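Step one of this worksheet: look at the structure below.
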There are 2 protein chains.
Amino acid sequence: MNTLAEENYLKSIYHLSMGVANVSTNQIAASLNTKASSVTDMLKKLADKALINYTRYQGVSLTPSGEKIAVNIIRKHRLWEYFLVEKLNFKWDQVHDMAEEMEHISSAELINRLDKFMDYPQHDPHGEPIPDCNGLFNTPKLKPISALAINESGVISGVRDHTTSFLQYLEKQGLTIGIKFTVTEIIAFDHSVVLQMENKKEIHISREVANNLLIPL
Amino acid sequence: MNTLAEENYLKSIYHLSMGVANVSTNQIAASLNTKASSVTDMLKKLADKALINYTRYQGVSLTPSGEKIAVNIIRKHRLWEYFLVEKLNFKWDQVHDMAEEMEHISSAELINRLDKFMDYPQHDPHGEPIPDCNGLFNTPKLKPISALAINESGVISGVRDHTTSFLQYLEKQGLTIGIKFTVTEIIAFDHSVVLQMENKKEIHISREVANNLLIPL
DNA sequence: TGTAATTTTTAGATTAGTCTAAATTTTTTA
DNA sequence: TAAAAAATTTAGACTAATCTAAAAATTACA
């Protein structure tokens with residue numbers, strides 16, 4: 001098995017790898033709130049274990065076995081988040097830190113039974129896809145609301161920003177996963193957007209919020 | 001907060017403290033599968049944090065704050081065991097190691113909601129009492145089946161030994177928590193005991209098993 | 001294209017938790 | 001009650017993960 005620190009590095013590298021060939025030492029250091037020198041040490045260790053491809057000064061990528069471990073941790077994270085929201089009634093902005101701890105519970109049998117207990121959910125409370133027990137999942141292609149024109153509609157399917165403050169704001173506005181809306185106005189001056197919700201209520205969101213709210217492509 | 005190692009030491013000291021004033025270094029070392037010298041080091045650390053009363057060569061006891069932490073870990077352990085058995089359908093002999101990991105999940109809010117979700121269970125799958133959110137619980141006074149005479153009855157309410165092999169044996173025999181029986185025979189030669197179950201089936205158990213199966217005093 | 005800026009790595013410490021081996025204290029027992 | 005045995009502690013070392021400061025490599029750009 002791998003240590004907690006190793007698991008967190010693999011997960012971080014996985015997240016940072018989206019769409020890029022190699023992840024830099026500094027990127028990893030920033031995402032884990034640690035120093036570049038600490039990252040270098042750990043990269044050597046992970047390379048020795050054949051979990052990453054690493055050449056000095058050239059950044060890293062996950063090997064298939066490293067990716068498998070990372071995806072499994074993400075599976076556990078998202079299933080526990082789903083559990084916390086659906087079974088224990090937490091809000092979607094409260095579950096991240098708890099799931100960060102729970103994702104390191106090792107038993108595969110446990111997580112598979114948890115998956116079954118919740119009837120195999122496909123997405124976590126933030127709209128992220130949950131890998132199945134073989135590590136398979138399809139990432140829905142999403143685009144921000146800011147890419148829509150007037151009179152176009154969409155269903156909120158994801159968020160780009162996962163910070164508590166952003167999620168709390170969305171919750172308060174009723175802008176949660178699965179909600180349908182139509183763009184009724186785009187303010188030329190600041191690119192803010194007016195949405196009409198299914199219940200006819202209008203919500204005015206800033207360009208920044210529109211950039212961080214995702215709908216299917 | 002405390003480290004994982006610190007939590008395990010406090011829990012171990014708590015369990016070993018049942019009915020005795022002080023726990024010895026060697027007892028702790030044996031229960032944690034570590035060396036006496038490692039224990040001594042940790043005892044100094046826990047004493048510095050005022051979680052134990054420690055005088056060199058004299059053994060240790062928990063302070064009120066140390067006991068509070070220990071009881072909280074035990075609360076979490078037992079609630080997760082209950083969850084694993086009642087919600088995820090694990091057998092009572094499968095849950096200990098998983099709960100050993102889960103008991104270190106830190107959130108108090110999480111564990112209180114889990115408690116509520118399961119409707120405030122009073123006992124874990126092995127019959128051990130579950131402390132409430134204030135750390136309060138009453139330890140039912142129990143005695144072994146071997147203390148019964150012929151024609152006396154009882155309800156299985158706890159087990160002294162928690163090893164997988166013992167629990168699996170009991171499970172196979174149908175000797176689980178809550179089961180009622182009457183002693184129909186005690187073999188003088190080896191002190192083995194014959195039980196008649198509610199369904200009239202007779203089960204013959206060794207003296208050792210009878211010593212490890214508990215009923216209310 | 002060569003110097004400056006940035007990034008990354010190395011060198012050397014530090015902390016938590018552990019270990020072995022030796023020294024010390026307590027307990028047992030002859 | 002004094003040696004022997006057992007228990008406990010100390011001393012010194014090791015590993016994992018981290019840090020700071022300095023050195024080395026890469027990249028940027030004048």
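Within the range A:69-84, does at least one residue satisfy the condition of being surrounded by fewer than 18 Cβ atoms within 10 Å (Cβ to Cβ) and more than 15 Å from DNA strand D (Cβ to nearest atom)?
Checking the range A:69-84: not a single residue is surrounded by fewer than 18 Cβ atoms within 10 Å (Cβ to Cβ) and more than 15 Å from DNA strand D (Cβ to nearest atom).
Residues in the range B:117-142 that are surrounded by 14 or more Cβ atoms within 10 Å (Cβ to Cβ) and within 14 Å of another protein chain (Cβ to nearest Cβ): how many?
2
Search the range B:102-116 for residues that are at the interface with chain A (Cβ under 7 Å from one of its Cβ atoms) and pair each with any residue that is among the acidic types (Asp, Glu) when their beta-carbon atoms are under 6 Å apart and the residues are at least 6 apart or on different chains.
Here the result reads B:ILE105/A:GLU101, each pair linking the range B:102-116 to a residue that is among the acidic types (Asp, Glu).
Could you check, for the range B:88-102, whether at least one of its residues is surrounded by fewer than 17 Cβ atoms within 10 Å (Cβ to Cβ) and more than 18 Å from the chain's Cα centre (by Cα)?
yes
Quick grid of which residues meet (1) over 14 Å from the mean Cα position of the chain (by Cα); (2) not aliphatic (A, V, I, L, M):
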{"position": "A:THR63", "(1), (2)": "yes, yes"}
{"position": "A:TYR120", "(1), (2)": "yes, yes"}
{"position": "A:LEU148", "(1), (2)": "yes, no"}
{"position": "A:LEU167", "(1), (2)": "no, no"}
{"position": "A:LEU175", "(1), (2)": "yes, no"}
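Report whether or not B:HIS204 is under 20 Å from the mean Cα position of the chain (by Cα) and touching a residue at least 12 places away in the same chain (Cβ under 8 Å).
So B:HIS204 does not fit the description; no.
Going through the range A:43-60 one residue at a time, which ones are touching a strand residue (DSSP E or B) at 6+ places or on another chain (Cβ under 6 Å) and within 10 Å of DNA strand C (Cβ to nearest atom)?
Selection gives A:LEU43, A:ALA47, A:TYR54, A:GLY59, A:VAL60.
Would you pick out the residues in the range A:12-34 that are assigned to a helix (DSSP H, G or I) and either surrounded by fewer than 17 Cβ atoms within 10 Å (Cβ to Cβ) or of a type in the set (Val, Ile, Thr) (or both)?
Within the range A:12-34, A:ILE13, A:HIS15, A:THR25, A:ASN26, A:ILE28, A:ALA30 meet the criteria.
Among the candidates A:THR40, A:THR3, A:THR25, A:THR34, single out the residue that is within 16 Å of DNA strand C (Cβ to nearest atom), hydroxyl-bearing (Ser, Thr, Tyr), within 14 Å of chain B (Cβ to nearest Cβ) and over 21 Å from A:PRO129 (Cβ atoms).
A:THR3
Could you figure out which of (1) at pLDDT below 95; (2) within 24 Å of B:ASN72 (Cβ to Cβ); (3) surrounded by 13 or more Cβ atoms within 10 Å (Cβ to Cβ) isn't true of B:ASP161?
(2)
For the range A:24-57, how many residues are away from DNA strand D (no atom under 13 Å from the Cβ) and either under 24 Å from A:HIS77 (Cα atoms) or within 19 Å of the chain's Cα centre (by Cα) (or both)?
3
Considering only residues that are under 21 Å from A:LYS116 (Cα atoms) and more than 8 Å from chain A (Cβ to nearest Cβ), which ones fall in the range B:72-92?
Result: B:LEU79, B:TRP80, B:GLU81, B:TYR82, B:PHE83, B:VAL85, B:GLU86, B:LYS91, B:TRP92.
The values are calculated or read from the model by the stated rules, or taken from the named source; none is laboratory data. Not measured: the values here are computed from a predicted model. Neighbour counts are summed over all protein chains in view; Cβ atoms, including those assigned to glycine, are modelled from backbone coordinates with ideal geometry.
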